[in-house]
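Asker: Starting off with a structure, shown below.
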């Protein structure tokens, strides 16, 4: 009985350490971001830096941190706004990145956390639906 409890505690500690380690690998790093429409056509591309600075202007609850856009090479501001303040949050092995300051008009990129390439969906969550708008990729810049 004691051994089973010890194994569960050990597994829990290991999981917490892995999540903390993954978060540490993401913070203060540069990434190339590509946002694509539903036909996989690149609409937005640039370089961002994920910081440890808290995003205090967010309208949505969570532990949001600032994302800084360093360069923009392809820009369709109506599709995904790199010119606006952006934030990210890491939770449960996933990263969510996007616009959090325009209340009830959020735009998010969400994907499984990885240390080199993150891929996922571009969506606009609402109380009625989770509207899929496209796809994205974040590629770590060494």
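Asker: Sort 141, 48 by Cβ crowding within 10 Å, fewest neighbours at the top.
Answerer: Final ranking by Cβ density, sparse to dense: 141, 48.
Asker: Exposure proxy check: 103, 59 ranked by fewest other beta carbons within 10 Å?
Answerer: Starting with the residue having the fewest Cβ neighbours, the order is 103, 59.
Asker: Return the distance in nm (one decimal) between the two label points of a simple spin-label model at residue 103 and residue 39, each offset 7 Å from Cα along Cα→Cβ.
Answerer: 3.8
Asker: Right, something else. Hey, could you pull the Cα Rg and Dmax for region 26-90, both in Å?
Answerer: Expressed in Å, the Cα Rg and Dmax of region 26-90 come to 12.3, 35.
Asker: If packing is taken as the mean number of other Cβ atoms within 10 Å per residue, what is the order of 73-80, 107-114, highest first?
Answerer: Per-residue mean Cβ counts within 10 Å order the peptides as 107-114, 73-80.
Asker: Separate question: For labels at residue 115 and residue 141 in the simple 7 Å Cα→Cβ model, what's the distance in nm?
Answerer: Reported label-point gap for residue 115 and residue 141 is 2.1 nm.
Every number in this text was worked out from the coordinates using simple rules, so none of it is lab data. Treat the numbers as computed from the prediction; the structure is a model and nothing was measured. Cβ atoms come from the backbone with ideal geometry, glycine included; neighbour counts cover every protein chain shown.
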